[in-house]
Structures are given as structure tokens and as C-alpha cells.
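What follows is one structure encoded as C-alpha cells, with my remarks underneath.
A short reminder: the numbers here are calculations on the coordinates, not readings from a lab. Keep in mind that what you see is a predicted model, and the values were worked out from it rather than measured. Cβ placement follows ideal geometry from the backbone for every residue including glycine, while neighbour counts extend to all protein chains displayed.
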Amino acid sequence: MSNQSTFADIEKSQLSASLVTANKRAQKTRALLLAPAVLTIFLIGILPLSIVLVYSFLEPGSYGGVKWNLSFDAYIQLLFEEDIFEETLTFNTAYLQIFWRSLSLAIVATITCLFIGFPMAYFISIQSAHRKNTLLFLVTIPFWTNLLIRTYCMLLILRDQGALNLALVNLGILDKPLPLLYTDFAVGLGLVYAFLPFMVLPIYTSLEKFDFRMVEAGSDLYASRFKVLTRIIIPIAKPGIAAGCILVFIPSLGAYITPELLGGGKSLMIGNLINLQFGQGRNWPFGSAIALILMVMVMISLFVYLNRTTRNEES
Amino acid sequence: MLEKATRSAIEVRSTTKIYGNDRASGVVAVDDVSLEITDNEFFTLLGPSGCGKTTLLRLIAGFEQPTQGEILLFGEHLEGLPPHNRSVNTVFQHYALFPHMTVSQNISFGLEMLGIDKIEIRKTVSRMLELVQMPQLADRKINQLSGGQQQRVALARALAPNPKVLLLDEPLSALDFKLRKEMQSELKRLQNETGITFIFVTHDQEEALTMSDRVAVMKDGQVLQVGKPREVYDHPAQRFVADFIGDINILRGELISTKKGEAKVKLASGFVGDAILPIGVGDISGVVNVAIRPEQLSFSNSTNSTLPGIIKEITYFGSGLHYEIELSTGETIKLRQQSVGRSNTEFSSGETVNIAVADDAIQVLVD
Amino acid sequence: MSDLSNTAHNKVRQAKDLKYQPGFSYITWLALFILYAPILILVLYSFNANRSVVVWTSFSTDWYVKAWHNEGIQSAALISLEVAVIAMVLSTTFATMAALVTTRTPPYKGMNISIAIINQPLMIPEIVTAVATLIFFAVIKKATGANGIGFLITAHTVFCIPFAYMPIRARLEDMDLSLEQAAADLYASPLMVFKRVTLPLMMPGVLSGAMLAFIVSVDDVVISLFVGGPGETTLPLYILGQIRRGVTPEVNAVSTVFLGISVILVTLIFLFGRPKSTRPEKSQ
């Protein structure tokens, strides 16, 4: 009997050993499968961000690139203008204005998208299955079609000889074309036009599973149509609203194409400013510094968003 | 010794499954369970949701690994064997039929994986389709089948490789009442025809009682009682088992004498009657819970060794009447009366009655 | 647009329907009109015979013919295609492998971090990524002397991975694990389970992922603008350059074709993207 039991023990230990190796093999497979995606993004998408940080503290090279001298010029330049002859710094708000314009345009675009996008998402969600799909499809198409070309279409509309002005003049509402293009208004409109689908789709997703009997329950308990909206529907759609706002806000803040095409040289945003430093400006450290500040702004908004959503989940 | 070992189809030896790190912080799904399921048996794991019955089934199938203990299939150790190396097959709760294959492709899948030759596979598939009575649906896609048909395909697919044991994870729960009844006798027939050991998981006590050769009642990861349906129903050992299976009255009583399995119990109302002690339990004495089935009670004209009470409520349930009666102690007791002709005396609410208890009807519970 | 022409009867029905919120339908139809009107104007212009792009004269496909024979457009289109196809294949392969791990293995330490890394390109403004990649590649180019379109393709692959990953992961998450368990239960080895069950069932997700990756690569402007070297002008960059010089009817034609192709691809994704459920019990 005792012999048998020791034999069984040996068998068991071999067995657990084989389980351990099986486990190790599974870990290896897992690592091998994950590596290409994770390493590619880490090496080329994340690691270079630290190089940007380093570059922002260097001196610009004369033809792009950098000189390896520690310098805070890039950050000083943001707020002050240096007089080369007198070596004095004077406060300069030109760059701050661009940051301010970007921030306010992004906020206005986000709010506008919310006020248009929420009703759209809600309206789509109460349609019959077939109609719902059609409408959803119509919103999805602009979501995935070329932003450059869509913005270009907007340019065709807003030009002095564009469709809108042409129509207004021909109808006799205006006697000469209104200069719409290359204004903050044009850029704001362009941002809303570009990113509206980003607002509709997440809100729709949060309303998709909404049990509309709750609306009946609400009105059964004496809530008016408006109260049902504000007390029941909007709170339930909140995660979608938050996601939609962040999805509109981030690309708006860092927009490049929209202000490039619709703002021209007059309504610059952070994106154009960065591009200038790597193009004509030839000031890579300054461009890096601006890019970093943009990223910090985005990180803060993401942090606020995540903080809010996780807190909501807890409560 | 050897003889006995080969006769058991599945042997679960003090097996524990803990999800998480340890007993304290994790969830103990299966807690030190030992079971022996004999060859050719229709064995049912019965219990409420979360009692660990499905986990136990998955341990046998190999989808989970036990934290402790061992499981043997016809005497062979299963630990460490992946599911595809175990000759047990599962009928999944929601069938898990492959949606991109036809009915016959689903049924032949296991046979193909075993490397059986094509002619043999074709024969087996058509035999299986005959067995589940749907040969005309061989080339249908899965999403073109009704729930009952999917159920049959799932059975055929699991039976096709002729497993040593068939595991069924609440396979009838998605069906409506009538279809479920139909499939119950169908499953019983299949088990008889194939001679394969069935291990069936359900939370439906009626299903368990009608279909099984033996039932194991589970709660909180532990097996509370194993026995033939009749034993478990008539002689529940524990309060939970008594409560879970069928309708039952549980009353307080005092054990006044115990001798070799025979005992006398004095109920709170003063009634004294013969009681059956739970099997395999050592000394019990003093105040205990006793269980009496409502159908073991009847009305009596005599006041001698009966329980007096007042009828509180009468419910008609088709084949009989259900009475709620308040005893003198304040306890409420249920009495069930089958309508047989017109012989039953009719009572009305508020009437004072005497209740007689059938022989061997009082079961002493462990807790 | 049928809602704009609502009958009185319809109005009454909507007013009684508790779900209905006043004004929402108008906002929706108006917003859809605003989303599509500019595109229609572009299409209209592209068929206009007049060069001035201001007034409509007559229908003409001349600009399409001209654009077709334009060498600048031809080479830009080929470069776009080359970059997009290679980036699509690479990113879809990587994303599929990663999605299998994140949905088909028990949770492990570091799983959330790997998912966060994969999604990272979605979190950072494109222009920041563009700057970072430009600088990083400049460093490598200087150190190794290497050059060529490979850099642009690599940059595209990076931001395509999360787009390919999303639908594949969604598809795998929607696939009931019990299907794979059933296959294993029926004696299929892990390799066979993958070949016979996982792969065929996840295919729609992989196709959607590949098409999304292709679209985002082909549409990209900002990253290509920063990372693309001389002679690596993609089609969007070519169009951008032309727009900067002034509106031309040829650009309208190219843009219309470009949009048309995008719409076809999005339509296909939309059709693939709504999978029939793999859970049979739901289909009843």
C-alpha cells in the first residue's frame, strides 16, 4: 500500500510540473502574440514623446534640427519677445492668443456638437430598426470619410464666391458677399462639421440599450416630457455624453487641417503654430515645446474625463 | 477492489475549486466534494444558482482545473488533461453550436477531430440524426433551427463521438414548459438507448426527481445529500434539502427517545409521533427541526393523537386543495388534499379541524 | 426626409408617443443636411464644364479625364496605395494577434497596460504624434543613414493598429467562449480550435479591422505631412498642396473619386460590422 502511495505521489508531482510548464508555455505564447502590436506602438508611438521633451530644452539648429545646448528659450519665447539688440524681454501675448483661440474654439465646438448631437442621437435611437440603421449609416459615413476633403467642401461653401454667398446675394439678402472664410467663425463651423459624428455615435451607443419603458414609468409618475428628458434620459446617457465631448474636444484642440484651410493665416490654432516651427519657422525646440503643452492640455482633459467617469461608476 | 474501481464512471475525490488567491479572499465554488458516479447512471447535480454544480461539471469536462483533489474517469486520473484529451462530452447550457456550420457539420466535428474516416463519420452522423429524430434537417444552418431543434443537435453532437460520460449543463433551461417536458423523456430515452453515463446539472427539482437514477443536492459548493430521488424527497437529511425539494412543513420538536434509528418526537403542540432519524448522523438529542410533507397530512375525526388547528386559507390548485392551518402553538402548517371523487369532506376557512399524520412521515433534520 | 412632410396624423401620433421630444427631428434632419450639402456641392462642381468653379455652365466629365492623366495624381495615388496596403496588412496582423490575447486568455497582470498602449495613438493629438515621429525618425536617419518610404509606412502602421484592433476585439468579445470550449470538448486541439472555430468566426471582425486601417491610412494628412520625405507625396498631401494654390476643378474630380471610394469601403464595413450573433439562443 505504502509503495503505491509513493508512486502516486511521484506521479502527482510530475503532473504538477507539467502543469507549470504548460503555464509557462502559455505565457510565452501570450507574450509573442502581444509583442508586435505593443512594441511597435511603444517604440514608435510613445518613446519618441520623451525625445520631444528633451528637444524642447535645446537650442534650434539653423536649418531645422537642434544644437545640443540646454536652453529654456522655447518656453520663454511663448510669453516674451526678445529684443536682439538690447537683450531685454518684453511680454508678448501673440502666442497666448493662439492658445486661447484654440481652447475657446474647441470648447465652443464641443458645446455646439453636444446641442446638435444629443438630439440627433436620441432621435435616431427611438426610430424603428430599419430607419435606425439608415440614419446611423448616414452619420457613420462622414465619421470615416476623408477629413481633408470634407473640410475642402466647407471651403467651397464659405468662399466669397462660394455656394452660401452666391445664394445669399442672388436671393437679395446681401448685396455683396460676406467675408466668411478665414475667420474664427469659419474655423469653428469647420470643427463642428468635422467632428459632429464623434458626438452622435457614443451618445447613441449609450442610448441604444436604454429601456424606453422608463420613459413611460417617468411620465406615469407625473414627469413632464421635459422632466423625463432632464431627469431620466440625460442622466442615463451621461457616459455617452462625456465620451462624445472628449472625442470632439481633443481633436478640435489639436486640429490642423480645419484652421489651415478655413482659418488661413488669420485664424491660427496650436496645430498650425506647431507646423510652422517645423516648416518655415525652423525652430524645432519651440515646436516641441508647443506640442508638449498641447499634449499636457489633452492629458488634463482626459484625466478630468476619466476621473469623472470612474467616480460615476463607483457611485 | 478492482471490480469496484471499474464500475464507477466518475470519481470525484475531495475536490475543491477556489477562484482567486485563497480561501479567504477568493470564491470557493466547489468545497471539498467527494462523489462516485456509477457507470450507466443518470446522475443529477441539483441546487440553486451559485451552488457550484456547474463548476463541478466544468472540472470534470476539463474547462477548469481543481485547486485541490482529483477526478477519475473509469479509474484514470484526469488532472492536467486538457478537454480535448478527455473522452467526456458536454451539452452546453446555450448549446454552443457552431453558427458557421450546418447541422451535420456540427455533429461530425468531434469525429473529424478524432481522425475517424469519412465513411464512418457519415454513418455515425446519420445514425445520430435518426437518434434525435431529425434526419431531414442535416443541411440546415444553425440559425434556421428552433430552440428545441438546436437542443437535439447539441445532444447529437455530444453523443456522436460516443463519450464515456455525457455532461449536460442545464440543457433544458432555455426551452418553454411543454418542450421541456418532451425533452425530459427524450433525454431519459437517449440515456437508456446509448447506455452512456449522464451527469445532468439543473436547478429544477422536479426535473431532477423525474429523470434521475440518483440526485446530489448541492449548496455553497458542498454536496449535502446524495440518494435516489425517492430517498431525497421522503427523507431529506437537512433543512435546506427539505426546503429545496418540494413543499414541506418544518416544525420544532423534541426528541424524547432514540433507539437504533427509531425515535419518538414530541412536537410543540404536545403531539407525539414516530420519527425517522437522518442516515449516517451520530447522536442527536433535544430540540430539533422535523419535516413533514403536506400530502402526508390528512383531516381526522378523532382528537386522539392528532394536531388541532384552525383553517386560515384554502387554495384550489386543480387536482386538489391546499390548506393553510394555524396550530395552537401559532405555527402554520400546510396540508395538501388530492380530490378523489367526492369523498373528501369540504372545509371552510375558520373551521377548527384535527390533523392526522401518516406513518413514517416525520423526518428529523440535522439542522 | 419624409419627416419634413409629416402628415397631420403623424403629428398627432408623435405628440402622443411619450418618447418623442419636440424639435429633435428637425435638428436631426437639418444636421444631416448640413453634413451632406457641402459634399453634394463638391460633386456638382466636379462635373462642371466651366473652369472658374463659380458658375454652373454644363455637365462635363473632362476634369475626371484630366485628373486621370495627371502624372502628379497618378504617382500620389500609387504612393498612398502602397503605404496603405502595407500598413493595413501589418497593423491588422498585429492587432489580430493582440486581440486574441486580450480576449482569449484569462486576465493577467499587465493586460490593462497592454490594452492602454495599443489604444494610446487614439489618445494623443495627431499633430503631437507627428512631431514626435518626425524627430525620432530624424534621429534614426541621422544615425543610420537609412531613408525611404519604410519610415512613412511604419508611422502609418502605428496609428492603424488601434483602428484595426477595435472591431476585431469587439467581434471576439461578442463570440461566446463556450463555442471554443465546445470544440475543445469535441477533441479539437488548441490549433484546431483556432483553425476551425475561432478564425472563421472572427473573420468579419478582421475584415472590418483591415478596411478601417486602410481608410485611416489613406485619409491621413498630418502624419504624412511631417514624416513623409521628398517624393513621398500621398494623395491627400497632393490635394492639400493643390488647395493651397487655389481651387481647381481637377482637385474637385479627384476628391470626388476619393470620397466615393471611402463611402464604398465604409458601406462594406457597415455591412460586415453588424455581425449575426454567434449566440444561437439570441436568434430566436
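Here are the numbers:
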| read-out | value |
| --- | --- |
| Largest-first ellipsoid semi-axes for the stretch B:247-364, taking √(5λ) over the Cα gyration tensor eigenvalues, angstrom | 27, 15, 12 |
| With eigenvalues of the C-alpha gyration tensor scaled by 5 and rooted, the protein assembly as shown, Å | 70, 35, 29 |
| Peptides ranked, highest mean first, by Cβ atoms within 10 Å: ranges A:27-39, C:75-87, B:17-29 | C:75-87, A:27-39, B:17-29 |
| Pair B:T258, B:K181: separation of 7 Å Cα→Cβ label points (nm) | 4.3 |
| Förster-model FRET efficiency, 35 Å R0, A:V169 and C:H69, C-beta, rounded to 0.05 | 0.45 |
| Peptide B:87-100 - average C-beta neighbours from other chains (10 Å radius) | 6 |
| Inter-centroid distance (Cα atoms) of the stretch C:80-159 relative to the stretch A:99-156, Å | 27 |
| Lys/Arg +1, Asp/Glu -1 at C-beta; chain C dipole; positive extreme among C:T256, C:S75, C:M166 | C:M166 |
| Helix runs (DSSP H) in chain A reaching 18 Å along axis by Cα, Kyte-Doolittle at least 0.0 | A:2-41, A:94-125, A:129-144, A:184-208, A:234-253, A:284-314 |
| Stokes-Einstein diffusion coefficient of the stretch C:19-102, Kirkwood radius over Cα pairs, 37 °C, 0.692 mPa s, in µm²/s | 187 |
| Cα-projected label distance for B:D22 with C:E173, points at 7 Å along beta-carbon direction, nm | 3.4 |
| Theoretical ellipticity at 222 nm over the protein assembly as shown - DSSP helices of four or more residues, -39500 (n - 2.57) apiece, nearest 500 | -17500 deg cm²/dmol |
| Cross-link reach list, aspartates and glutamates versus B:K181, counting only Cα pairs under 18 Å and skipping chain neighbours closer than eight places | B:D169, B:E170, B:D204, B:E206, B:E207, B:D213 |
| Pairwise label distance in nanometres, C:W56 with B:A138, each label 7 Å out on the Cα-Cβ vector | 6.3 |
| Cβ-defined net charge surrounding B:G62, 15 Å radius [Lys, Arg +1; Asp, Glu -1] | -3 |
| Residue-by-residue Karplus 3J(HN,Hα) for the stretch B:205-212, coefficients 6.51, -1.76, 1.60, Hz, glycine and proline x | 5, 5, 4, 4, 5, 6, 9, 8 |
| Cβ-based net charge around B:P294, under 15 Å, with every Lys or Arg adding one and every Asp or Glu removing one | -4 |
| Degrees, to the nearest 10: B:118-131 long Cα axis against longest axis of chain B | 30 |
| Debye equation applied to the C-alpha atoms of the stretch A:120-178, log10 I(q)/I(0) at 0.25, 0.27 Å⁻¹ | -0.87, -0.94 |
| Exercise: per-residue mean of other protein chain Cβ atoms within 10 Å, A:130-141 | 3 |
| Per-bin percent of Cα-Cα distances, chain B [10 Å] | 5, 20, 25, 22, 15, 9, 3, 0 |
| Which listed pairs, of B:K53/B:K164; B:K53/B:K219; B:K17/B:K219, have C-alpha distances above 18 Å, in listed order | B:K53/B:K164 |
| Residue order, fewest to most beta carbons within 10 Å, for B:H94, B:H77 | B:H77, B:H94 |
| Per-residue average of Cβ from other chains inside 10 Å of B:75-85 | 4 |
| 22 Å Cα-Cα threshold exceeded, pairs from C:K109/C:K195; A:K238/C:K19; A:K24/C:K109 | C:K109/C:K195 |
| Between 0 and 90°, nearest 10: helix B:103-113 axis offset from chain B longest Cα axis | 70 |
| Proportion of all alpha-carbon pairs of the stretch A:94-314 beyond 28 Å (%) | 41 |
| Positive minus negative residues near A:S288 (Lys, Arg vs Asp, Glu; Cβ under 15 Å) | 0 |
| Whole-angstrom gap from the stretch C:190-268 to the stretch A:36-89, using each part's C-alpha centre | 32 |
| Residue order, fewest to most surrounding Cβ atoms within 10 angstrom, among A:T309, B:T202 | A:T309, B:T202 |
| Dipole magnitude (debye, nearest 20) for the protein assembly as shown, charges at Cβ of Lys, Arg, Asp, Glu | 1760 |
| C-alpha center-to-center spacing [the stretch B:227-271, the stretch B:345-361] in angstrom | 19 |
| FRET efficiency estimate (nearest 0.05) - Cβ-Cβ, A:L306 to A:F85, R0 41 angstrom | 0.25 |
